[in-house]
1. Only four residue types carry charge here, +1 at the Cβ of Lys and Arg and -1 at the Cβ of Asp and Glu. Report the dipole size of the protein assembly as shown about the Cα centre in Debye, rounded to the nearest 20.
2. Could you compute the longest span of chain A free of trypsin sites (Lys or Arg not before Pro) located in DSSP loops and having at most 11 other Cβ atoms within 10 Å, not counting the site residues?
3. Can you list residues whose amide H is under 5 Å from residue B:94's amide H, if they're 5+ apart or on another chain and H is modeled 1.01 Å from N?
4. Evaluate the relative contact order of chain B (contact order divided by residue number), counting alpha-carbon pairs under 8 angstrom at least 6 apart; express in whole percent.
5. Give the carbon-plus-sulfur fraction of the accessible surface of the stretch B:1-70 in %, rounded to a whole number; probe 1.4 Å, heavy atoms of protein chains only.
6. Once amide H atoms are built 1.01 Å from N in the peptide plane, which residues 5 or more positions from residue B:50, or in another chain, come under 5 Å H to H?
7. Taking 0.36 nm per residue of separation and subtracting the Cα-Cα distance, what length does fully extending residue B:94 through residue B:31 add?
8. What's the FRET efficiency of residue A:54 with residue B:18 using the Cβ-Cβ distance as r and R₀ = 45 Å, to the nearest 0.05?
Amino acid sequence: NAGVTQTPKFRILKIGQSMTLQCTQDMNHNYMYWYRQDPGMGLKLIYYSVGAGITDKGEVPNGYNVSRSTTEDFPLRLELAAPSQTSVYFCASSGGSLYGYTFGSGTRLTVV
Amino acid sequence: QQQVKQSPQSLIVQKGGISIINCAYENTAFDYFPWYQQFPGKGPALLIAIRPDVSEKKEGRFTISFNKSAKQFSLHIMDSQPGDSATYFCAANYGQNFVFGPGTRLSVLP
């Protein structure tokens, strides 16, 4: 099993550019999440989804958008990139709130 | 209310020693408390988890101690090894989501 796959692993964006971070899971999990991790700040929830067609905002959603057209895929869209979005982004999936998360390996994004 | 506090921020332990990381929470609605281990350049991985109806759970060298009345839980790593050097996150669930502590960077010296 591949688990949770994130692409790309690294990306440098210029201020104002846009990009999509891809996330795919093959565990048939209903729940999927996007977190950002800043040094010494732990993990902050950006958006989450409890199933195909259903998404909701987390703690830090501003500047991001998501969609969930299938159970497997949960892309994160950055519009008008800003230096404050420089971070490591993790996608995760779960079979339910009492089962913990499976995380992807992350995307390191730098906005210059 | 949706916050989990974690300490210490960093920890240095000699090989063979015991590493202890502590977490505290406020929301009594939390009902699942996992610990995650993260190596540099990797995503966090579920290490061990506990539910509030038990006071202790042990898996190999890793033990969670849970004090429901104090709203605290801790991770103990016995016989710590250099390969345990990583960042450890405690977490707690609310609804369908988890809230994470800020992390503890553990260094085990050979």
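The values are calculated or read from the model by the stated rules, or taken from the named source; none is laboratory data. These figures come from a predicted structure and were not determined experimentally. So basically every Cβ, Gly included, is an ideal-geometry build from the backbone, and we count neighbours across all protein chains shown. These area figures cover heavy atoms from the full protein model, side chains too; ligands, DNA and RNA do not enter into them. Shrake-Rupley method; radii C 1.70, N 1.55, O 1.52, S 1.80 Å.
1. Values: 19 positive and 14 negative charges, 91 e Å.
Here the protein assembly as shown has a charge dipole of around 440 debye.
2. Values: sites that count: A:9, A:14.
It runs A:15-112.
3. B:99
4. Values: 278 pairs, mean separation 40.9, N = 110.
Relative contact order of chain B: 37 percent.
5. Values: 1940 of 4030 Å².
Carbon and sulfur atoms account for 48 percent of the accessible area of the stretch B:1-70.
6. For residue B:50, the qualifying residues are B:33.
7. On the way: separation 63, 0.36 × 63 = 22.68 nm, distance 0.77 nm.
Extending this stretch completely gives an extra 21.9 nm.
8. Rounded to the nearest 0.05, the efficiency is 0.55.
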